[in-house]
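J.: Take a look at the following structure, please.
The values are calculated or read from the model by the stated rules, or taken from the named source; none is laboratory data. Treat the numbers as computed from the prediction; the structure is a model and nothing was measured. Every residue, glycine as well, gets a Cβ built from its backbone with ideal geometry; the counts of neighbours run over all protein chains shown. For the accessible areas, the whole protein counts, side chains as well, though only heavy atoms, and no ligand, DNA or RNA atoms are used. Shrake-Rupley method; radii C 1.70, N 1.55, O 1.52, S 1.80 Å.
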Amino acid sequence: MDQVLSENGYSIALGCTNNQFDKERQCLENFMKQDIKGLIVETTKSALPNPNIELYDEFRKRNIPVLFMHGSYKGYSASSIYEDDVEAGYIATKHLIELGHRKIAGIFKIDDIQGHARFEGYCRAHRESGIDINDKRIIWFGTDDMLYKFGKQSGDMVIEFLEDSTSLVCYNEQISIKVIDIIREKGLTIPERLSLVSFDDSELAVASEVKMTTVAHPKEKLGIEAANLMLKMIKEGDGIFKVKMTPELVVRNSTGRVNG
């Protein structure tokens, strides 16, 4: 983003929400006081109703274009650029099915729309292959209970959850690395005991001995496209644009054929 925008005479002012509505409001109110030309926003708890919609309306009343990344808020018409997370969930799960797995656990985020979309893709792959989905193999977590559900104190619960599964589709590498640590502390191995597919292809994917199979998030390309789209919106006005990026599976050594 910075490269594209700076080449066109713009600079970036940053605000961090930590995926919290109150911090999102604080960021928006701060930007309201500045002479900004456009607003690119990674949505906050995008699966939930947003209490700050009136602030986004205010930006648009001032002819300041708003572009959402990774999804948009339900019922709110606005431009967005996002990865096809339904397809991401589908190809992650399909990869495991092609390796012979039929007992596939899933960990998904309940308060971000990406989690819902990835679960939809997970379901589609099961349905297409004639495999039933067992509710006991699904965990939903939120921003505020992530540490509780995947901390060291929850190790026994995680192991019990995975006991009847041969593989796992995990919402992102931040959670995957915690699951891998728990599994290895219990003397279990990846992928021999459990094959794991994650999402994002962040630095965490290759940070440990277990290199994760993951669905790559087109980070640089998405940033470039978002910046170019914002320039277009500044020039042409705040029309409604939708740009969908295609995900890609990166196979490493955290997945293997099912044993037994």
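J.: All but one of (1) open to solvent by 20 Å² or more (accessible area, probe 1.4 Å); (2) farther than 19 Å from GLY89 by Cβ hold for ASP201, so report the exception by its number.
T.: Only one criterion is unmet by ASP201, namely (2).
J.: Then there's this: List the pairs whose first member sits in region 157-170 and is free of Cβ contacts under 8 Å to residues at least 60 places away in the same chain, whose second member is assigned to a helix (DSSP H, G or I), and whose Cβ atoms are under 7 Å apart, counting only residues at least 6 apart or on separate chains?
T.: If the second residue must be assigned to a helix (DSSP H, G or I), the pairs left are VAL158/PHE150; VAL158/VAL179; VAL158/ILE182; ILE159/ILE182.
J.: Residues in region 232-246: is at least one open to solvent by less than 20 Å² (accessible area, probe 1.4 Å) and either among the basic types (Lys, Arg) or not in a loop (DSSP other than H, G, I, E, B) (or both)?
T.: yes
J.: Looking for whichever is among the charged types (D, E, K, R) and free of Cβ contacts under 8 Å to residues at least 60 places away in the same chain here; the options are LYS45, LYS37, LYS61. Which one fits?
T.: None of the others qualify; the one that does is LYS61.
J.: Continuing with the same structure: Taking region 25-49, which residues are under 18 Å from the mean Cα position of the chain (by Cα) and of a type in the set (D, E, K, R)?
T.: Listed by number, the residues that qualify are GLU42, LYS45.
J.: Another question, if that's okay. Being of a type outside the set (Gly, Ala, Ser) and under 15 Å from the mean Cα position of the chain (by Cα), is that true of even one residue in region 90-98?
T.: The answer is yes, given that some residue of region 90-98 is of a type outside the set (Gly, Ala, Ser) and under 15 Å from the mean Cα position of the chain (by Cα).
J.: Suppose we filter PHE108, PHE119, PHE150 for residues that are of a type in the set (Phe, Trp, Tyr) and at pLDDT below 95; which single one remains?
T.: PHE150
J.: Another question, then. Scan region 110-137 for residues that are under 24 Å from ILE183 (Cβ atoms) and either surrounded by fewer than 17 Cβ atoms within 10 Å (Cβ to Cβ) or over 18 Å from the mean Cα position of the chain (by Cα) (or both) and report the count.
T.: 8
J.: Out of all the residues in region 217-231, is one or more surrounded by 15 or more Cβ atoms within 10 Å (Cβ to Cβ) and either without any contact (Cβ under 8 Å) to a residue 12 or more places away in the chain or in a strand (DSSP E or B) (or both)?
T.: Checked region 217-231: no residue is surrounded by 15 or more Cβ atoms within 10 Å (Cβ to Cβ) and either without any contact (Cβ under 8 Å) to a residue 12 or more places away in the chain or in a strand (DSSP E or B) (or both).
J.: Please count how many residues of region 138-167 are surrounded by fewer than 17 Cβ atoms within 10 Å (Cβ to Cβ), over 18 Å from the mean Cα position of the chain (by Cα) and part of a helix (DSSP H, G or I).
T.: The total comes to 8.
J.: While we're here: Scan region 174-182 and give yes if some residue there is modelled with pLDDT under 90 and open to solvent by less than 40 Å² (accessible area, probe 1.4 Å), otherwise no.
T.: The initial filter retains those residues of region 174-182 that are modelled with pLDDT under 90, namely none.
Checked region 174-182: no residue is modelled with pLDDT under 90 and open to solvent by less than 40 Å² (accessible area, probe 1.4 Å).
J.: Residues that are farther than 29 Å from GLU173 by Cα and either out of contact with any Leu (no Cβ under 9 Å at 6 or more places or on another chain) or open to solvent by less than 60 Å² (accessible area, probe 1.4 Å) (or both): which helices (runs of 4 or more DSSP H) entirely in region 1-109 hold 1 or more of them?
T.: Fully inside region 1-109 and qualifying: 2-7, 21-32, 53-61.
J.: Moving on. Looking only at region 168-196, which residues are closer than 21 Å to MET146 by Cα, outside any helix (DSSP H, G or I) and out of contact with any Lys or Arg (no Cβ under 7 Å at 6 or more places or on another chain)?
T.: LEU168, VAL169, CYS170, ASN172, LYS186, LEU196 - these are the residues of region 168-196 that are closer than 21 Å to MET146 by Cα, outside any helix (DSSP H, G or I) and out of contact with any Lys or Arg (no Cβ under 7 Å at 6 or more places or on another chain).
J.: A further question follows. Of the residues GLU173, GLU236, which is without any contact (Cβ under 8 Å) to a residue 24 or more places away in the chain and of a type outside the set (A, V, I, L, M)? Write out each step before concluding.
T.: Values: GLU173 fails: without any contact (Cβ under 8 Å) to a residue 24 or more places away in the chain.
GLU236 is the lone residue from the list that is without any contact (Cβ under 8 Å) to a residue 24 or more places away in the chain and of a type outside the set (A, V, I, L, M).
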